[in-house]
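Scroll down for the structure; my scribbles are underneath it.
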Amino acid sequence: MLRKSLAALCTALLFSAASLVNASAQTTALPALHTEGNRIKNSAGTDVTLKGLSVIAPEQNSVCTDCNSKPINDLIDMTVSNGWNSKVLRLLVTEAIGKDLNAYDATYIKPYVDHAVAKGLYVIIDLHLVRNYGDAAGAVPQSDVKGFWDFIAPRYANNPNVLFEVFNEPIAPDNWATWKSYIQPVVDSIRSVASNVILMGSPSWSTRLNGALTDPITGGNIAYVYHLYPNQGPATAASLDPKFGNASATLPVVLTEFGWDPSSSANNVTAGTTSGWDCRCASTWTPVHRSAGWAGCSTTSGLRSCSTRTGTCCRASTRAPSSATGWPVLLRSHRAPITSLAARR
């Protein structure tokens, strides 16, 4: 399994959640969230902006050679201290398909959800597949994805701290209608037991959310994911608006991944400069009429700074411009592997 270097990888994150764990644990319940128009709101109807990070999948904790070596719970602790002030954690699930899900949940999901919830965080359970979908050879059959969520959704149903990212990066077929026919039954099954906010990917590594403008996934409380990397073009309105910026005026849009790598060994997906690529996202792309704000960070042994319109890069206390609407996005990088990069996009 290929892994994206952490040398300046930021994993963008996040916003919103919904539910109450059926398994017993001391929890710090947060206000239930829902989607409304292109916004995430709490039960009082107030717009909600969450910021946080994505951590490496716990089962890969000892595998990644260029990741921070701290235990996952220590990393979670770091995100709510030392000025990070994160509000949400993205928890990767990379090797659950075909496993004993009861044992997997008890070992690699529930302990970290419980720990994050006890810290007052929202948690995204991310089924971190980077695969073709459907019945073709090598693709993920619908039954595998549905089987995972049929087990997980009832366990975390109606927990106001938890939300579901149903399929990290479906690749092909690169067709929205085909994707919808594949994933809608999964959503329907989740909705039969849980109202948690769902984060919805799209074909071609979660870059085709525009299909939802005319043919949205049904079920309510659904936000659409976009994954942004330098190989997609310059960080300008002319480049990004057609990809997801225009859609964000209508749909709730979440960047659950956003990264760049300024090193000489960067691959063709992540190669980009901190000053020339990321900061332009923060300072020039977010005009007053957009529903997503930006900030970014990079890390190998620590955090790099980057000037933005609103403060210091990589601090969760950094806020998107006050005139931005919808969900400002803050980025984090700490043990965040992204798989199957060599052939991406």
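Would you tally the net charge around Asp150, using a Cβ to Cβ cut-off of less than 15 Å, leaving Asp150 out, and scoring K and R as +1, D and E as -1?
My count for the surroundings of Asp150 gives 0.
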Amide H neighbours of Tyr122 at under 5 Å, excluding residues fewer than 5 places away on the same chain, with H built from the backbone geometry, are Val88, Leu89
What's the ranking of 99-109, 151-161, 79-89 by average number of surrounding C-beta atoms within 10 Å, highest first? 151-161, 79-89, 99-109
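Can you give the convex hull volume of the alpha carbon atoms of the stretch 88-145 per residue, in Å³? Could you put the intermediate results ahead of the total?
Values: hull volume 4.4 nm³, N = 58.
About 76 Å³ per residue, rounded to a whole number.
Report the rotationally averaged projected area of the stretch 102-225 based on its alpha-carbon convex hull, in square nanometres.
Averaged projected area of the stretch 102-225's Cα convex hull equals 7.3 nm².
Taken together, the values in this text are just the output of simple stated rules run on the coordinates, not laboratory data. In this text, all values refer to a predicted model and were calculated from it rather than measured experimentally. No Cβ is skipped: glycine too gets one built from the backbone with ideal geometry, and neighbour counts run over all protein chains shown.
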